[in-house]
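Please read the structure below before turning to the comments.
The values are calculated or read from the model by the stated rules, or taken from the named source; none is laboratory data. Every value quoted in this text rests on a predicted model; they were computed, and no experiment measured them. Neighbour counts run over all protein chains shown; Cβ positions are idealised from the backbone, glycine included. Quick note on the areas: whole protein, heavy atoms, side chains included, nothing else; ligands and nucleic acids left out. Shrake-Rupley method; radii C 1.70, N 1.55, O 1.52, S 1.80 Å.
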Amino acid sequence: EEVPRCHLHRKLNKACKFCKAHAAFQEARSKELEDRRVAALERLRGGGGPKTAGGSDDKVPLPNFNLFPQVLRDRIVASTFYSVLTSQEVAEVQENLLNCETCEPEVRGLNLDTAPSQFISVIYRIMTLRFTEGQLRQMLMSKHRLVRCAGYLIVRLGAHQDRYWELLSDALLDIEEFVPFPGKGTEKMTEGLFVEQLLTKEKFCDMSLPRIAVAQRKMLNERLVLYDQFRKRYAANLEVVEERYTDPDGGVAVEVCSEEGEWTAGTTTGRATLGKRRVRVPVRMEGMDETMVSLGMLISPPSRGSADSQDLTRSRGRSYQELLERQRAAQKDQALATGKDYCKNSGRRTVHAGGMTFIAGDVKQGEKRKRDDEADEERAREARRSSERKREDEAKMAAIMEKYLGGSRGGTSSQDRSSDTVGPDRMRLG
């Protein structure tokens with residue numbers, strides 16, 4: 001229902017309840033119109049085609065491919081490595097990922113200039129080949145980590161946002177650790193966290209990702225609330241899987257957590273799948289068919305008493321509502337500027353001048369503190385030098401004053417004063 005303008009004020013008055021109600025209505029309507037506009041544009045880009053998976057031989061629709069950064073696209077096409085890829089098909093192009101060492105879209109050469117990495121060049125080439133659903137699934141399930149990561153990024157860069165959860169949700173529970181960006185540091189992260197950041201962040205390194213509509217982003221954020229706890233439970237269950245979930249007949253009483261945080265009792269009907277990645281257990285819940293459930297969403301509650309809250313293999317852990325409230329509080333804190341930390345980007349800029357490349361603005365805290373200390377020391381040294389020069393000037397002036405005016409002091413007679421006065425070494429008259 002439309003809220004009318006305030007009948008008391010022409011301009012917004014923050015203390016007036018009528019003004020506030022009308023402003024809230026205007027903001028909500030603007031967001032709704034923006035979501036409708038974005039959805040319409042995405043339907044046009046996708047040509048109204050299917051957003052869900054087709055057959056394994058169907059081409060993967062990539063409605064967001066035209067949003068690939070234009071500058072990076074031009075640099076990829078102009079590179080020597082890409083000229084080699086143009087004569088290769090999907091399978092041959094994928095083999096180049098086995099030689100990659102980083103997931104970064106750009107790497108720095110010996111001359112400090114940045115160039116498109118082989119990783120992003122391969123991804124762009126695969127997207128231009130219009131690969132099939134079966135080939136995409138093979139990439140997402142590959143035994144090679146960087147091939148899987150390339151598949152995740154292809155989904156995020158090209159696929160429709162309605163397919164993100166369908167294609168990437170299974171990878172969110174992968175706990176295998178690796179260093180995705182060795183050029184930026186040696187920080188490790190799990191593969192599941194890598195995928196989660198693709199869904200929650202607006203940039204991949206310095207490369208902009210296609211925008212996700214507000215409603216879709218809200219849904220993704222609410223679903224992802226539990227996945228950090230799911231990954232911890234997966235790692236804990238992996239240590240006891242041989243003990244609890246290897247009976248071919250099953251029969252273990254379990255509880256299963258849904259993506260919305262709802263728990264349902266059930267019973268295992270077989271043994272867990274082999275391996276350490278994406279291990280699942282067949283479970284039958286009341287009134288439902290047999291379902292394969294990930295170890296991260298499964299607990300085996302104790303037959304007596306209550307479970308230790310720290311034991312995620314038997315305890316439900318933190319509730320969905322508690323984690324959701326924490327996430328919302330953290331988002332509010334991030335939205336507020338604190339001190340000088342109000343700029344969300346890295347501030348790094350690459351400047352080309354005179355055939356040389358300079359990187360400006362990317363100053364780490366340790367380096368900044370070191371430079372500040374050096375500047376303080378330099379200022380202190382300059383102050384000491386200035387003080388010493390001042391004392392030397394004062395000493396010279398005192399010597400001159402003593403030389404020319406020292407005999408005029410005291411209470412002696414004029415004759416004594418004239419005899420004691422030291423005159424100049426040379427005097428010229430006329």
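By how many nm would the segment from GLN331 to LYS143 lengthen if fully extended, with 0.36 nm per residue of separation less the alpha-carbon distance?
64.1 nm
Quick one: pull the percent of accessible area on the stretch 199-262 belonging to carbon and sulfur, 1.4 Å probe, ligands and nucleic acids left out.
46
Solvent-accessible area per residue for the stretch 149-254 at a 1.4 Å probe radius, Å²?
40
Keeping all protein chains in the complex and leaving out DNA, RNA and ligands, what accessible area do you get for ARG278 with a 1.4 Å probe, in Å² to the nearest 10?
Probe radius 1.4 Å; accessible area of ARG278 about 50 Å².
Can you send over the solvent-accessible area of SER169, 1.4 Å probe, protein chains only, in Å² to the nearest 10?
20
Too long at a 20 Å Cα-Cα cut-off: which of LYS201/LYS232; LYS188/LYS332; LYS31/LYS218; LYS143/LYS276; LYS203/LYS370?
Numbers: LYS201/LYS232 22 Å; LYS188/LYS332 27 Å; LYS31/LYS218 13 Å; LYS143/LYS276 12 Å; LYS203/LYS370 30 Å.
From the list (LYS201/LYS232; LYS188/LYS332; LYS31/LYS218; LYS143/LYS276; LYS203/LYS370), the Cα-Cα distance tops 20 Å for LYS201/LYS232; LYS188/LYS332; LYS203/LYS370.
Using the Kirkwood radius built from alpha carbon pairs, what does the Stokes-Einstein equation give as D for the stretch 106-189 at 10 °C and 1.306 mPa s, in µm² per second?
Values: Rh = 14.3 Å.
Using the Kirkwood radius from Cα pairs, D works out to 111 µm²/s.
For ILE400, ILE126, write out the residues from largest to smallest accessible area, computed with a 1.4 angstrom probe and no ligands counted. Kindly include the intermediate steps, with their values, before the conclusion.
Working: ILE400 85, ILE126 0 Å².
The residues order as ILE400, ILE126, largest area first.
Exactly which GluC sites (Glu not before Pro) in the stretch 136-187 are in a DSSP loop and have at most 14 other Cβ atoms within 10 Å?
Working: sites: GLU166, GLU176, GLU177, GLU187; in loops: GLU176, GLU187.
Of the GluC sites (Glu not before Pro), the ones in loops of the stretch 136-187 whose Cβ has at most 14 other Cβ atoms within 10 Å are GLU176, GLU187.
Can you pull out the trypsin sites (Lys or Arg not before Pro) in the stretch 147-200 whose DSSP state is coil and whose Cβ has at most 13 other Cβ atoms within 10 Å?
Values: sites: ARG148, ARG156, ARG163, LYS184, LYS188; in loops: LYS188.
Passing both the DSSP loop test and the Cβ count: LYS188.
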